[in-house]
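Asks: Submitted below is the structure of interest, expressed as structure tokens.
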Amino acid sequence: MLLEGKRIAIFNVANKRSIAWAIAKALDAQGAELIVGYQNERTEDAVLALTGQLNRAPAAVVPCDVVVPEQIEAVQEAVAEKVGKIHGLVHSLAYAPRSALKNPYLFTEREDFLTTLEVSTYSLVALTRAFMPLFADEASVIAITFYGAEKVMPNYNVMGVAKAALEASVRYLACDLGQAGVRVNAISSGPINTLAARGVEGFQGFLEIHRQKAPLKRSVEPREVGDAAVFLASDLSLAITGQVIYVDAGYQIMGV
């Protein structure tokens, strides 16, 4: 029970196949009390049903559309009232308009670029700043990224740029929050067959290439990303900050 007595907020759970849900289950299994975020009314019922499967009822289940500053403020106020201090924040948020994933990066529209960066990158900054007054000593912030931040992945396009900015944000936030004892890290997950990933054209082909090229000769299970999140949220990682931890069966080390 590595997380017994810890309260951890996770934004946002979308459905049972999402990485955020895998992380939520792993944190719950290790004793954490969760604050679960969801985007809007469209996902509310599904997320409420999922939280009923946890070992303990969440401390709060809250709507949070990160492009609405007032909602982030309202979430902070709700968590402060219901929970008080928290020991961790998990950022598992990403979105790009479909046209920005289908068209070459060269033809990314300004509006699509700004939307993608706001949801996928700036939301980490906004949420971290909002929850800063609520962080307990030695709190942990965890973001979810992907190897497309470093290398060009077919059809990943503007999302790769957003993930690169997310990883840079992790480093800058780690520096800003270090004096307060808050550590900030990212998990770079291998490709996982989520609903969001299926929106990237050619994803299934890349998944097969990953299986062939990764040293472990397999893909990554969502629960393995969850286990890495447990480590980063726990006191076992107190001296680790500003890092990208690869949970990708070793794919990142390969040159060809």
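Asks: With each label point set 7 Å from Cα along the Cα-Cβ vector, what nm distance links Gln252 and Val67?
Replies: 3.0
Asks: Here's another thing I want to ask about it. Taking a ≥ b ≥ c as the square roots of the eigenvalues of the Cα gyration tensor of the stretch 168-256, is the shape rounded (a/c under 1.5), prolate (a/b larger than b/c) or oblate? Display every interim value, and only then the final one.
Replies: Values: a/c = 2.25, a/b = 2.08, b/c = 1.08.
Since a/c reaches 1.5 and a/b is larger than b/c, the shape of the stretch 168-256 is classed as prolate.
Asks: So for the chain, if I pair up every lysine 8 or more residues apart or on another chain, how many of those pairs have alpha-carbons under 17 Å apart?
Replies: Details: Lys6/Lys25; Lys6/Lys82; Lys6/Lys85; Lys16/Lys25; Lys151/Lys163; Lys151/Lys213.
Here the count comes out as 6.
Asks: Here's another thing I want to ask about it. Given the protein chains as shown and a 1.4 Å probe, how many square angstrom of Ser92 are accessible, to the nearest 10?
Replies: Only protein atoms counted, so the area is about 30 Å².
Asks: Pull out a ≥ b ≥ c, the square roots of the eigenvalues of the alpha-carbon gyration tensor of the stretch 106-171, then state rounded if a/c is under 1.5, prolate if not and a/b is larger than b/c, and oblate in the remaining case. Kindly include the intermediate steps, with their values, before the conclusion.
Replies: Numbers: a/c = 4.13, a/b = 1.88, b/c = 2.20.
Oblate.
Asks: Quick one: with all protein chains in place, what share of the accessible area of the chain is carbon or sulfur, to the nearest percent (1.4 Å probe)?
Replies: Details: 6420 of 12090 Å².
Exposed carbon and sulfur together represent 53 percent of the surface.
Asks: Any idea of the accessible area per residue across the chain, 1.4 Å probe, to the nearest Å²? Write out the running numbers ahead of the final one.
Replies: On the way: 12090 Å² over 256 residues.
About 47 Å² of surface per residue is accessible.
Asks: Restricting things to alpha carbons, find the Rg to Rh ratio for the stretch 142-208 using the Kirkwood radius for Rh.
Replies: On the way: Rg = 13.9 Å, Rh = 13.0 Å.
Radius of gyration over Kirkwood radius for the stretch 142-208 works out to 1.07.
Asks: Please list log₁₀ I(q)/I(0) at q = 0.08, 0.16 Å⁻¹ for the chain, using the Debye equation with identical point scatterers on the alpha-carbon positions.
Replies: Rounded to two decimals, the profile gives -0.28, -1.22.
Asks: Checking the a/c ratio against 1.5 first, then a/b against b/c, what shape does the Cα gyration tensor give for the stretch 36-157? Provide the component values of the computation, followed by the final result.
Replies: On the way: a/c = 2.03, a/b = 1.77, b/c = 1.15.
Prolate, because a/c is 1.5 or more and a/b exceeds b/c.
Asks: Can you give the FRET efficiency for Arg56 and Leu106, using 1/(1 + (r/R0)^6), R0 = 51 Å, r = Cβ-Cβ distance, to the nearest 0.05? Before the final figure, lay out the partial values.
Replies: Values: r = 49 Å, r/R0 = 0.96.
With a Förster radius of 51 Å, E is 0.55.
The values are calculated or read from the model by the stated rules, or taken from the named source; none is laboratory data. Just so it is clear, the model here is predicted, and its values are computed rather than measured. Every residue, glycine as well, gets a Cβ built from its backbone with ideal geometry; the counts of neighbours run over all protein chains shown. Heads up: the accessible areas ignore ligands, DNA and RNA and are worked out on the full protein's heavy atoms, side chains in. Shrake-Rupley method; radii C 1.70, N 1.55, O 1.52, S 1.80 Å.
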